[in-house]
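The values are calculated or read from the model by the stated rules, or taken from the named source; none is laboratory data. Everything numeric here is computed off the predicted structure, so don't read it as measured data. Cβ: placed from backbone, ideal geometry, glycine included. Neighbour counts: every protein chain shown. The area values use the complete protein model at the heavy-atom level, side chains included, leaving out ligands, DNA and RNA. Shrake-Rupley method; radii C 1.70, N 1.55, O 1.52, S 1.80 Å.
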Amino acid sequence: MSATMTPGIFLVTLALAIAALIVLIIKLKMHPVLALFLTSLGLGLALGNGLIGSVNLVNAGFGGTLNGIGVTIILGSILAMGIQDTGAATAIANFFTRLFRGKALELAPSLTAFIVSIPVFGDITMVLTAPIASILALRRKISMSSMAAFTGLGLFLTHALVPPTPGILAIALMYGADLGLTIFWGTVISAVAFFGTWLLMRKWCEKEWIDPRPDFVEGFEPAKSDKVEDIIIHAPGLPNAFVALLPVLIPVVLITFGSFAKVYMGEGTAARVFFTSTGDRVIALLLGVVFTLVLGFAKGDKVLAHHLRTTGSDKESLKEILFGTWVGRGLLVALLPLLITAMGGAMGGVLKTAPVIKELGVMVTSSHIMPLLVPYLTAAILMTAVGSMTAAGLTAAGIILPMMDTLGLSPVAATLAIGSGTLMLNHLNNSGFWIMSQFFNLNTKQGLKYITAPCMVGSLISIITLMILVSVGLI
């Protein structure tokens, strides 16, 4: 590391690295994993670490991040296979349809996505909820503009703000933030941002009519009446709504209870040991997977029927599907999130070793910018440039980490500020933008209107809510 590097030179170097990352991903169509690796290596060289030193930093950042979130991504992906095959996602959507009595039906897939996206990676949640949103849109004659806007908003909010989603989980671990408190306040902020954005944008989203994808609604007809029973998705063998929610709720509740046990229960007590053990993120998600497997056995006929419909094969037994096929499919789904998250952590690992960041932190704090805006704006700028919420958040976390003492922010506040920033400008360079557009039948212009715009509003409401909570001393 060059001892003469000034904050100005560092910022120029960082800007060039981000620009190179954009060119590699967008112009040269390079895979984000390789683009992040080359950019991280180049950044290490530019910061004066030498080739071997830079490689070591990349390896350390990659391995450290993978160590923190690798198993959780795998378990979350296996859990997602169970939610899909047992019909749990459909049951959750039907629950919200009944809850709102068939009114404001865009909330059914949206709140399903909001919940499912907590332990399940966002791209997977899109795959799970898009057919449900399309069927409900047809049955209730709702434009896909509304379905896309709020289903996307729901899944992106908890993807950005609520562990054990991999990106925000890795940031929380990097900062040493209490996971239970991060989950609790992240959920509160996400809910405020979701309903605030829904109230502000609902009428605007209704103005343009967009049909659902024909392949998602084949065999379905518009509902004959406004009665709830005519609107819900009728499928044989769906689980009870509460049972369908348990695979998602079990890990979230256990992690939260574990964090509160550390604060409010006596050291060494049996209750504290129990709750902190079951509240470990890996154990909590494992218990969620175990329950999903139990649900799979209970709904064996539905699992077998889904397997036959999707693969055309009826040779596998139920045990083979649950313990083999689900795991194999989950591992395939988990691979890309694993590698992108870990390589994003590698770039953060290179950045956080730069001594000049501490000097930069002093400059920032002396400029009278509200400390909470520093991580928020850093993440927002990186999200605009990089396009991956996970990579942007982890890179921002690496930049801000050495500034934490001078900023005076709690680890939870800094973690949630970065998460809020990653919601800003979710646009053309984000793979999630294109998956949402494809699955919700939007063209590029419509994607910017109904994916990017709601996320921007949600980001602003999130940071304002966080500012209020920090100002009154709750975070």
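General remarks:
- Residues of the stretch 207-239 that are in a loop (DSSP other than H, G, I, E, B) and aliphatic (A, V, I, L, M): Ile210, Val217, Ala223, Ile232, Ile233, Ala235, Leu238.
- Scope the stretch 172-186; condition over 12 Å from the mean Cα position of the chain (by Cα) and part of a helix (DSSP H, G or I); matching residues: Ala172, Leu173, Met174, Tyr175, Leu179, Gly180, Leu181, Thr182, Ile183, Phe184, Trp185
- Verdict on Asp226 being more than 30 Å from Lys445 (Cα to Cα), touching a Lys or Arg at 6+ places or on another chain (Cβ under 7 Å) and either among the acidic types (Asp, Glu) or modelled with pLDDT under 80 (or both): no
- The set of residues from the stretch 56-72 being farther than 21 Å from Phe10 by Cβ and either open to solvent by 30 Å² or more (accessible area, probe 1.4 Å) or among the acidic types (Asp, Glu) (or both) comprises Asn59, Phe62, Gly63, Gly64, Leu66, Asn67, Val71.
- Filter result for Ala305 (touching a helix residue (DSSP H, G or I) at 6+ places or on another chain (Cβ under 6 Å) and surrounded by 15 or more Cβ atoms within 10 Å (Cβ to Cβ)): no
- Where a residue in the stretch 244-256 is farther than 16 Å from Ser77 by Cα and its partner, wherever it lies, is buried (at least 22 other Cβ atoms within 10 Å of the Cβ) and of a type in the set (Lys, Arg), with Cβ under 6 Å and at least six apart: Ile255/Arg281
- Meeting the requirement of 2 or more residues that are β-branched (Val, Ile, Thr), the helices (runs of 4 or more DSSP H) wholly within the stretch 381-475 are 389-400, 411-421, 453-471.
- Close pairs from the stretch 313-338: first free of Cβ contacts under 8 Å to residues at least 12 places away in the same chain, partner surrounded by 13 or more Cβ atoms within 10 Å (Cβ to Cβ), Cβ under 6 Å, at least 6 apart: Asp314/Leu308
- Residue pairs meeting the criteria (Cβ under 7 Å; at least 6 apart or on separate chains; first free of Cβ contacts under 8 Å to residues at least 12 places away in the same chain, in the stretch 199-224; second surrounded by fewer than 15 Cβ atoms within 10 Å (Cβ to Cβ)): Lys224/Asp230
- Within the stretch 23-47, the residues that satisfy the criterion of being open to solvent by 40 Å² or more (accessible area, probe 1.4 Å) and closer than 21 Å to Ile400 by Cα are Phe37, Leu45, Ala46.
- The stretch 257-283: number of residues that are closer than 27 Å to Gly330 by Cβ and touching a residue at least 60 places away in the same chain (Cβ under 8 Å): 6
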